[in-house]
Amino acid sequence: MESIIRLQQGFSQVFGDADGLTVVRAPGRVNLIGEHTDYNDGFVFPMAINFDIVMGGRRRSDQQVRIYSLDYQRTVEFSLSEPITYDDQEQWSNYLRGVLWAVQRAGIDLGGMEIAFFGTIPQGSGLSSSAALEVATAVLVQRLCGWTLPPRELALLCQKAENDFVGMKCGIMDQFISVLGQKDHALFIDCRTLDYERIPLELGEYRILVCHSGVKHSLVDSAYNRRRQECETGVRILATEYPTVKALRDADLTMLAACRDRMEPVVYKRCHHVIAENARVIKSIKALKAGDLVAFGQFLNQSHASLRDDYEVSCPEVDLLVELAGQLDGVLGARITGGGFGGCTVNLIHAGAVEAFNERVVRVYQEKTGIEAQVYISTAANGAEILN
Ligand code: GLA
């Protein structure tokens, strides 16, 4: 309710009144395990979080689109009669522009709109504020323009916006979980078939604690796209020996070992991470279903080591957070989450140890790095929904 009121107030400041406003929300996510596997046709296991984008809008009778960001207090305006182009000045607007662009490309009906939004997901933290912004836009626009896409199609459309308009070659995980998340469940996604299973997150006395290192990542045009290429190189080499390998999803560690001397060491390491990580996702879900949180935590720890050493997407600050968390009683597992190069750790922690986390992880981290880490406790939240 509070967020609807905040949105309405912001909207009416810019657009006169808030009559006939449709309000939606789309959550960010924390990935529990399965990192850098989605674009390798592999497995991921994220949950939606209680931090989201709240967006409201209404139709106009013409072709003008006006968008107001409450957080930046900036407005952009463009016409749908002309090609939608990338905005170098107001970068935030490209996630919305990208979705409208993808809708047009899909040949779906659009009309003029007034839109306002704000967000509570820390940006550049690896909690998918961009995917949430795309998904909120798609959910709002389909309601305003009177069409409906099946959830998977909606997620794919948002991914297309990010891949081909914004220029970040992300996989499907973030948009998918933002659309399909469910309260108290994490989502096992097979990123090849897009089949999914909602798995109850029964953690008993344990909590999912997300800790932001304060180091902002920047993924567009960066090392992320390079990692993808390294994986593709690995697949090409594996496929010469094993023609059934279409993606790293199809390979196992024995096959990789057999091709090792034909690969650059760096390509080998990237492939090793992805192949082992896929197996860890399956094993950790099994552990979770069996109620074995200790084993689940160990898979988180192994995932971190692999992301740090083989995939090389961690950074000293995040490694420090993981190391300090590992020294704390009551923490069953900790690892970097999301695209990497900064951002957040995800920790499986006993409720009774949260205070000690602040005392011994956050405080020591600040002493050593001078950075104040932020701590968020989140339950698994619903995916995108219409609020009014
Ligand atoms: C980013 C991308 C996702 C995924 C993760 C790494 O969040 O958007 O598609 O590749 O990195 O697991």
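The values are calculated or read from the model by the stated rules, or taken from the named source; none is laboratory data. Remember, predicted model here, so these are calculated numbers, not experimental data. With ideal geometry, Cβ positions are generated from the backbone for all residues, glycine too; neighbour counts draw on all protein chains shown. Surface accessibility is based on the protein's heavy atoms, side chains included, excluding ligands, DNA and RNA. Shrake-Rupley method; radii C 1.70, N 1.55, O 1.52, S 1.80 Å.
What is the gain in length, in nm to one decimal, between C145 and I108 on full extension, counting 0.36 nm per residue of separation less the C-alpha to C-alpha distance? Full extension of this stretch gives 12.4 nm more.
Applying 1/(1 + (r/R0)^6) with r as the Cβ-Cβ distance of I282 and Q73 and R0 = 35 angstrom yields a FRET efficiency of 0.15. The angle separating the long axis of helix 129-145 from the principal Cα axis of greatest extent in the chain is about 40 degrees.
Here the calculated FRET efficiency for R60 and I5, from their Cβ-Cβ distance with R0 = 25 Å, stands at 0.60, rounded to the nearest 0.05. Each part reduced to its alpha carbon centroid, the stretch 11-40 and the stretch 62-101 end up 16 Å apart. Quick check for you: which residues of the stretch 248-288 have the amide N under 20 Å from the point 7 Å beyond the Cα of E312 toward its beta carbon? Residues 257, 260-277 fall inside that zone. Near K289, which lysines are there with a Cα under 27 Å away, not counting those fewer than 8 places off in the same chain? Once the sequence-local lysines are set aside, what remains near K289 is K183.
Calculated FRET efficiency, L253 and D329, Cβ-Cβ r, R0 41 Å, to nearest 0.05? Efficiency for this residue pair is about 0.80. Once backbone amide H atoms are built at 1.01 Å from N, T379 has N50 as its partners under 5 Å, excluding neighbours fewer than 5 places away on the same chain. For the listed residue pairs K246/K269; K160/K286; K169/K286; K216/K269, the alpha carbons are over 21 angstrom apart in K160/K286; K169/K286; K216/K269. Between E264 and D164, the simple spin-label model (points 7 angstrom out along Cα→Cβ) gives 2.9 nm.
For the stretch 203-210, the Karplus equation 6.51 cos²θ - 1.76 cosθ + 1.60, evaluated at θ = phi - 60°, returns couplings of 9, x, 7, 9, 10, 9, 10, 10 Hz by residue, with Gly and Pro reported as x.
How large is the helix-only mean residue ellipticity at 222 nm for the chain, computed as the sum of -39500 (n - 2.57) over DSSP H runs with n ≥ 4, divided by its residue count, in deg cm²/dmol to the nearest 500?
Working: 11 runs with 148 residues, N = 388.
The per-residue figure over the chain is -12000 deg cm²/dmol.
Note down the relative contact order for the stretch 206-377 as a percent, whole number, built from C-alpha pairs under 8 angstrom at least six residues apart.
33
Relative to the dominant Cα principal axis of the chain, helix 316-326 is inclined by about 70°. Amide H to amide H distances under 5 Å link V331 with H350, where only residues 5 or more positions off or on other chains count and H is placed in the peptide plane. What the phi angles of the stretch 102-109 give under the Karplus curve with 6.51, -1.76 and 1.60, with θ = phi - 60°, is a coupling list of 5, 5, 4, 4, 7, x, 9, 5 Hz, glycine and proline written as x. Relative contact order of the chain, taken over Cα pairs closer than 8 Å and 6 or more residues apart, is 24 percent. Excluding same-chain neighbours fewer than eight residues apart, the aspartates and glutamates reachable from K368 by a Cα-Cα span under 17 Å are E317, D319, E323, E359. Using heavy atoms of the protein chains and a probe of 1.4 Å, the accessible area assigned to R59 is about 110 Å². For the chain, the antiparallel share of DSSP beta bridges with both residues in that region comes to about 90%. Couplings 3J(HN,Hα) for the stretch 169-186, derived from phi with the Karplus relation 6.51 cos²θ - 1.76 cosθ + 1.60 (θ = phi - 60°), are 7, 5, x, 9, 3, 5, 5, 4, 6, 5, 7, 10, x, 9, 3, 6, 10, 9 Hz, where x marks Gly and Pro. Relative to the dominant Cα principal axis of the chain, helix 293-309 is inclined by about 90°.
Per atom type, the stretch 222-278 shows carbon and sulfur on 52% of its accessible surface, probed at 1.4 Å. Under 16 Å from the 7 Å Cα→Cβ point of A223, by amide nitrogen: which residues of the stretch 364-378? The answer is none, because no backbone nitrogen lies closer than 16 Å to the label point. For the modelled label position 7 Å from the Cα of N388 along Cα-to-Cβ, which residues of the stretch 112-143 have backbone nitrogen atoms closer than 19 Å? Output list for this probe position: 113-120, 136-143. Which of S81, S284, S213 ends up with the largest GNM mean-square fluctuation for the chain, with Cα atoms connected below 10 Å? Between S81, S284, S213, it is S81 that shows the largest mean-square fluctuation.
Annotation: amide H-H contacts under 5 Å for Q182 (H modelled 1.01 Å from N, sequence separation of 5 or more, or interchain): A48, G383.
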